[in-house]
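Asker: Once you've had a glance at the structure underneath, I'll fire off some questions.
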Amino acid sequence: MQNSEAEELINQLIIEAKRLYDQKLISGSSGNISFKKDNKIYISATGTNLGKLSSNDIAIVKLNGEVLFNKPSKEIMGHKALYEVHDDVNAVLHIHGEYIAAYTVITEAGNSDFPAVSASVPLKIAENIPMMEYFHPHPINNYEIFLKTAKQSKIFFHQNHGIFIGASSLQEASDIAEVLEANLKIYFLALQTGRKINLLTAQQKNELFTKTFLK
Ligand SMILES: [Zn+2]
């Protein structure tokens, strides 16, 4: 049995997963979500449908990797790295939203100059979001690469795959996912016109970042 705080967070996790599923940011068993509590990671179990999670679908893993309950998502390494590197990351979300995934296909590894396009899509993000090099997402032998990228940013893309978002809470992680997907949707719609695109400058991104969201 979990303590009541962990139970409350599990309920929040289920609510946020359903919200992301309803908004088509995740589909079926694609994507995974976790929170950290008392040096344990509570993460959607492998193969679970994120739109229909119950408390029995959550796996519990110690920060040192020891599995305590259920089989965790195969993509837990990105979550583990963000918790290990950032003390203020309490929740991690990994998704392959359509526009986010499309951006990972056309962007070189190492590029961190995220194309912010609209002030109407307030950026809950840092000015730069690194693109981690491509590798098969499931094997656990790429943990060092996850660690190296997590040290650069709490939010990072994975080439030809999706994004990992570390945040202070489950809700903040979902909010960031929504904002990034909406921003990239506008970016790709604008690209289709064939006209010159005015990306926000580094200074403009920084203004949005500091005035709107994370301090
Ligand atoms: Zn994935």
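Quick note: the coordinates plus some simple rules give every number you see, no bench work behind them. Owing to the predicted nature of the structure, the values given are computational and were not obtained by experimental measurement.
Asker: Please find, in a Gaussian network model of the chain (springs between Cα atoms separated by less than 10 Å), the residue of LEU191, LEU63, LEU20 whose mean-square fluctuation is greatest.
Answerer: Maximum fluctuation in the GNM of the chain, among the listed residues, is at LEU191.
Asker: Something else about it: What angle do you read, to the nearest 10 degrees and between 0 and 90, between the alpha-carbon axis of helix 202-212 and the longest principal axis of the chain?
Answerer: 50 degrees
Asker: In sequence order, what are the phi-derived ³J(HN,Hα) couplings for region 157-168 according to the Karplus relation 6.51 cos²θ - 1.76 cosθ + 1.60 with θ = phi - 60°, rounded to whole Hz, with x for glycine and proline?
Answerer: 7, 10, 3, 6, 8, x, 9, 10, 10, x, 8, 6
Asker: Taking the chain as the reference, fit the longest principal axis to its C-alpha atoms, fit the long axis of helix 4-22 to the helix C-alpha atoms, and give the angle between the two in degrees, 0 to 90, nearest 10.
Answerer: Long axis of 4-22 versus the principal axis of the chain: about 40 degrees.
Asker: Same structure again: What ratio of Cα Rg to 2.2 N^0.38 Å holds for the chain?
Answerer: Numbers: Rg = 16.7 Å, N = 215, 2.2 N^0.38 = 16.9 Å.
Taking N as the residue count of the chain, the ratio is 0.99.
Asker: Also, I was wondering about something else. Given the DSSP H assignment, sum -39500 (n - 2.57) over each helix run of at least 4 residues in the chain and divide by its residue total; what's the result at 222 nm in deg cm²/dmol, nearest 500?
Answerer: Dividing the helical sum by the residues of the chain leaves -12000 deg cm²/dmol.
Asker: Quick one: Karplus J couplings for region 83-98, per residue in order, coefficients 6.51, -1.76, 1.60, θ = phi - 60°, nearest Hz, x for Gly and Pro?
Answerer: 5, 5, 7, 10, 4, 8, 8, 10, 8, 9, 10, 10, 9, 10, x, 4
Asker: Ok, one more. Whole-Hz Karplus ³J(HN,Hα) for region 49-63, in order, using 6.51 cos²θ - 1.76 cosθ + 1.60 and θ = phi - 60°, x for Gly and Pro?
Answerer: 3J(HN,Hα) across region 49-63, in whole Hz: 8, 5, x, 9, 6, 10, 4, 6, 8, 9, 9, 10, 9, 5, 4.
Asker: Can you list residues from other chains, or at least 5 along the same chain, whose modelled amide H is less than 5 Å from the amide H of SER29?
Answerer: Hits under the 5 Å cutoff: LEU50.
Asker: So, one more: Can you tell me the 0 to 90 degree angle between the C-alpha axis of helix 143-152 and the longest principal axis of the chain, rounded to 10?
Answerer: Once rounded, the angle reads 50 degrees.
Asker: Turning to a different aspect of this structure: Which cross-chain or sequence-distant (5 or more) residues have an amide H under 5 Å from the amide H of ILE41, H modelled 1.01 Å from N in plane?
Answerer: Residues meeting the amide H criterion: VAL61, LYS62, LEU63.
Asker: Non-local amide H neighbours of PHE69 (under 5 Å, H modeled in plane, Pro and chain starts lacking H): which ones?
Answerer: Distant-sequence amide H within range of PHE69: ILE60.
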